[in-house]
Amino acid sequence: MHDPNCIFCKIIAGQIPSKKVYEDDDVFAFHDIHPWAPVHFLMVPKRHVPSMAQVDAGHEALLGRMMALAPKLALEQGCGPYPQGGFRIVVNTGDEGGQEIHHLHIHVMGGPRPWLKG
C-alpha cells in the first residue's frame, strides 16, 4: 500500500531525494534531514503504515527484521560498538507522541558525543 500524499512514500518511490542508508524489498532507511545526533537515520517500512497504533500481528516479522537490522546499520553509519558505543531507537506515535510524519518510522540515533568524555 502506498499513500500518494505521504512524504515518506514519495521518498521510497524516489520522487523526493534522500541520502539512502539501506534498502531491501520491505524496508527503506535514510538519513534524517534534521539530525539530533552525529548518526541519525530513519527506518521505514515500504508499505504505508500510519503509525505504531495501526500495527498488528501481521507486522511482527517486518518489525522484528527492522529491529534486528538497526544495530548493523548503526555500526555501519558510525555508532561505536556496545558497551562503550551505542545508539538510541525512538518511535513517535500519534500527534501527542510527537509523530510529525504519519508513516511508521524508527529513528536510530547515536555516534560519538565528545562532551560526555571527562
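Give the residue, chosen from L104, L75, L42, that is more than 13 Å from the chain's Cα centre (by Cα) and either of a type in the set (A, V, I, L, M, F, W, C) or part of a loop (DSSP other than H, G, I, E, B) (or both). The match here is L75. Restricting attention to segment 79-101, the residues that are assigned to a loop (DSSP other than H, G, I, E, B) and either among the basic types (K, R) or modelled with pLDDT under 95 (or both) add up to 7. The test for being of a type outside the set (D, E, K, R), within 19 Å of I7 (Cα to Cα), crowded, with 16+ Cβ neighbours inside 10 Å and in contact with a Ser or Thr (Cβ under 8 Å, 6 or more places away or on another chain) does not hold for M43. Residues in segment 6-33 that are within 11 Å of the chain's Cα centre (by Cα) and hydroxyl-bearing (S, T, Y): Y22 only.
Within segment 64-118, if we keep just the residues that are out of contact with any helix residue (DSSP H, G or I) (no Cβ under 7 Å at 6 or more places or on another chain) and touching a residue at least 60 places away in the same chain (Cβ under 8 Å), the residue that is nearest to H2 (Cα to Cα) turns out to be H102. Would you point out the residue of segment 18-39, among those that are among the small types (G, A, S) and not in a strand (DSSP E or B), that is farthest from A68 (Cα to Cα)? Here the answer is S18. Looking at this structure, is V55 buried (at least 18 other Cβ atoms within 10 Å of the Cβ) and within 17 Å of M1 (Cα to Cα)? No.
The values are calculated or read from the model by the stated rules, or taken from the named source; none is laboratory data. What you are looking at is a predicted structure, and each value in this text was computed from that prediction instead of being measured. FYI the Cβ positions are ideal-geometry reconstructions off the backbone, even for glycines, and counts take in every protein chain you see.
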